[in-house]
Structure formats: C-alpha cells, structure tokens
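I am attaching a structure below and will ask some questions about it afterwards.
The values are calculated or read from the model by the stated rules, or taken from the named source; none is laboratory data. Source: prediction; values computed, not measured. Quick reminder, even Gly has a Cβ in these numbers, built from the backbone with ideal geometry, and neighbours come from all protein chains shown.
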Amino acid sequence: MVNVVVKKSIIVLMLLSLVFVGCGEDELVKPKEGPKKVITWRADGARMMLISAGSFEMGDHFNDGEADEQPVHTVELDPFYMDSQEVTVEQFRKFVDESGHKYSRWNEVEKYSPDDRHPMVYVTWNDAVAYCKWAGKRLPTEAEWEYAARGGLPGKQYPWGDRIAHDYANYAGTGGEDPWGEPKDKWDSQTAPVRSFEPNGYGLYDMAGNVLEWCADWYDSGYYGSSPVKNPKGPNSSPNGWLVLRGGSWLGDTKALRVSSRSHRSPTSADTNYGFRCAADIP
C-alpha cells in the first residue's frame, strides 16, 4: 500500500514538472507598469506630476462668478503630466539661450521676478507655446488646467478648499503667518518664488495666485454650453482673437483666484503677472 502511494506521488510530481518545462522567464506574464507618478523632464529639468484620468464638473458651482463660467458641465480627461510649478526665470533663460528665441524684456522681468527662483513674467502666449515646443511639451488645455487645479477636491472654490487667506497663496496685499511669525504672503508688489506655498492634492504649486497661466485654448464666453464631454480642447477660434489665462495672480483679488475663474488676452499680450506651466501627454 505504501509503495502504491509513493508511486502515485512520484507520478504527480512528474506531471507537474512537465507543465512547467519550457516556461522560461520570457513566457511568464508580467504585470504592465503604469506611468510614473512623478517624473523629471529632461529638456528643462521640470518636475512633473501625473494627473490621472478622470471626470469632474467644470465651472462655477457657487453662482458667484462670471457668466462665462456657466453652465457647470461634465468633463472627462485622459491622463497627462503637468509641471509641478510655474516655469521659472532660470528655465526660460535656458530656453532663450539654447533655442535662440528672441526675447528682450529682461529688465522688466527683473522688477517683478527678481531672481531665478521666481516665475517667468512678461511672456506672451506665443512665447509660452515656443518654450513648450522647445521642451517637447505643450500648454495644458483649459479643462486640464481646471481639473489639475482642483487637486481632487470636487466642487470647491480654491485648490485647497473653500477658505481663502494669504496663508495659501500670493495675491493682492499681504498677510498670513509663517512658522516664524512673519507674513506668509509678504510679496505685495511682485511674484513669490515658486513653491513658497503648500501644493494642492496633486502636488501642484501656485495653481491660485502668483501669476496668471496661459492655456492652449481660444476663448469664447459661450463655449461651456457646447463643450464636448471627452477631452475638450476649446473652440476653433475666438470672436476677439483671445486666448485663455487661468489662476489669478499676485495682483488679483480673491475672486480671480477661484479655480473656475477665466481670463483672456490676445496671443501677443504680456504683462507683469502673465506666466505659464507646461503639460505633456503620457509617453
């Protein structure tokens, strides 16, 4: 009886060994790795955050904004990467030096962004597009920008919630308090160095305040009424030749800092509070 059991065991082991014969490492099914949550972009050294695919309700949920922030509508987006911070003076200077892009407003920039750590200002939409193209990236769409700015908090006024204070962002005036008892927002007449305030839930800094940020889209005040649900890219043109800016700035009031607030200017406009950050498709 014992011999029978032993023989059966040997047969089972032999059969099992036959199942695995020839199954080398190349034939094993390995789980597919998804995109990394944080990457460093080679061309400009930017830290980029993965913004996962998802849907959200775009627009003014509180009915206290402008008419162009209505109606609130559903948007679905594919995943993308977003610069964690606004493009800095240092990064833009590298772009000009390496690409030969013509830029001559450095003296004006220095007044409002006095060193390399500050966001680049006095950039036109054309300048921003040229930088993103040089870096192998692009400007975010307006829908991508708002989705990223919300930081995973649906239906809120600001990237951090519904309360506004100088502890959270650089906007008109000063205030707040840092760990040393000094004003958290101490920049009354210029930009703040990037990353001076806490990031939102997606790891993005200064999505409200500091500088207005160019988006890829043409501006049309009535676009929300006909915007497609899936990956909207804005209208084909603008009645006045305007493009979208988002996020409020160091000059702006609290209303302009709301995540649904929309601004617009011509592609050749530049000012003390116009900047940008880049986005990129998933490789």
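Right, E76: acidic (D, E), over 19 Å from S263 (Cβ atoms) and either under 15 Å from the mean Cα position of the chain (by Cα) or modelled with pLDDT of 95 or more (or both) or not? Lay out the reasoning, then the answer.
Details: acidic (D, E): yes; over 19 Å from S263 (Cβ atoms): yes; either under 15 Å from the mean Cα position of the chain (by Cα) or modelled with pLDDT of 95 or more (or both): yes.
Judged against the criteria, E76 is a match.
What strands (runs of 3 or more DSSP E), lying completely within the stretch 181-283, carry at least 1 residues that are within 30 Å of Y103 (Cα to Cα) and among the acidic types (D, E)? Break it down into steps so the answer makes sense when it comes.
Numbers: elements: 212-218, 243-246, 262-265, 279-281.
So the answer is 212-218, 279-281.
Among residues belonging to the stretch 142-179 that are over 27 Å from A53 (Cβ atoms) and touching a helix residue (DSSP H, G or I) at 6+ places or on another chain (Cβ under 8 Å), point out the one that is surrounded by the most Cβ atoms within 10 Å (Cβ to Cβ).
A169
Could you tell me which numbered condition L257 fails, if it satisfies all but one of (1) surrounded by fewer than 23 Cβ atoms within 10 Å (Cβ to Cβ); (2) of a type outside the set (K, R); (3) out of contact with any helix residue (DSSP H, G or I) (no Cβ under 9 Å at 6 or more places or on another chain)?
Condition not satisfied by L257: (1).
From the residues in the stretch 78-116 that are outside any loop (DSSP other than H, G, I, E, B) and among the acidic types (D, E), which one is surrounded by the fewest Cβ atoms within 10 Å (Cβ to Cβ)? Break it down into steps so the answer makes sense when it comes.
Taking the stretch 78-116 first, the residues outside any loop (DSSP other than H, G, I, E, B) are 80-83, 88-99, 106-112.
Restricting the remaining residues to those that are among the acidic types (D, E) gives 83, 90, 97-98, 108, 110.
Numbers: D83: 27, E90: 15, D97: 9, E98: 11, E108: 14, E110: 15.
Among them, the one singled out is D97.
So, one more: Restricting to the stretch 156-167, what's the tally of residues that are at pLDDT 95 or above and in contact with a strand residue (DSSP E or B) (Cβ under 8 Å, 6 or more places away or on another chain)?
Residues that pass the stated criteria total 0.
What is the one condition in (1) at pLDDT 95 or above; (2) of a type outside the set (S, T, N, Q); (3) under 23 Å from G225 (Cβ atoms); (4) not in a helix (DSSP H, G or I) that E146 does not satisfy?
(4)
Another one. Take the stretch 271-283 and flag every residue that is of a type outside the set (D, E, K, R), touching an Asp or Glu at 6+ places or on another chain (Cβ under 9 Å) and surrounded by fewer than 18 Cβ atoms within 10 Å (Cβ to Cβ).
Taking the stretch 271-283 and keeping what is of a type outside the set (D, E, K, R), we get 272-276, 278-280, 282-283.
If we keep only those that are touching an Asp or Glu at 6+ places or on another chain (Cβ under 9 Å) too, we end up with 272, 274-276, 278-280, 282.
Within the stretch 271-283, I282 is the sole residue that qualifies.
Something else about it: Considering only the stretch 217-228, I want to know if a residue exists there that is touching a residue at least 24 places away in the same chain (Cβ under 8 Å), within 22 Å of A46 (Cβ to Cβ) and either within 21 Å of the chain's Cα centre (by Cα) or crowded, with 21+ Cβ neighbours inside 10 Å (or both).
yes
Kindly indicate which of G173, G181 is at pLDDT below 90, under 24 Å from Y112 (Cβ atoms) and not charged (D, E, K, R). If you could, list the steps in order and put the result at the bottom.
Numbers: G181 fails: under 24 Å from Y112 (Cβ atoms).
Just a single option satisfies the conditions, and that option is G173.
Still on this model: Looking at the stretch 186-202, I want the residues that are touching a residue at least 24 places away in the same chain (Cβ under 8 Å) and have a partner that is in a loop (DSSP other than H, G, I, E, B) and of a type in the set (S, T, N, Q) with Cβ atoms under 6 Å, at least 6 apart or on another chain. Which pairs are those?
Pairs that qualify, where the first residue is touching a residue at least 24 places away in the same chain (Cβ under 8 Å) and the partner is in a loop (DSSP other than H, G, I, E, B) and of a type in the set (S, T, N, Q), are W187/N170; T191/S113; T191/N210; A192/N170; A192/N210; V194/Q85; R195/Q85.
Give me the pairs, please: first residue somewhere in the stretch 44-56 and basic (K, R), second residue anywhere and crowded, with 19+ Cβ neighbours inside 10 Å, beta-carbon distance under 8 Å, and either six or more positions apart or on two chains.
Filtered contacts from the stretch 44-56: R47/D83; R47/S84; R47/Q85.
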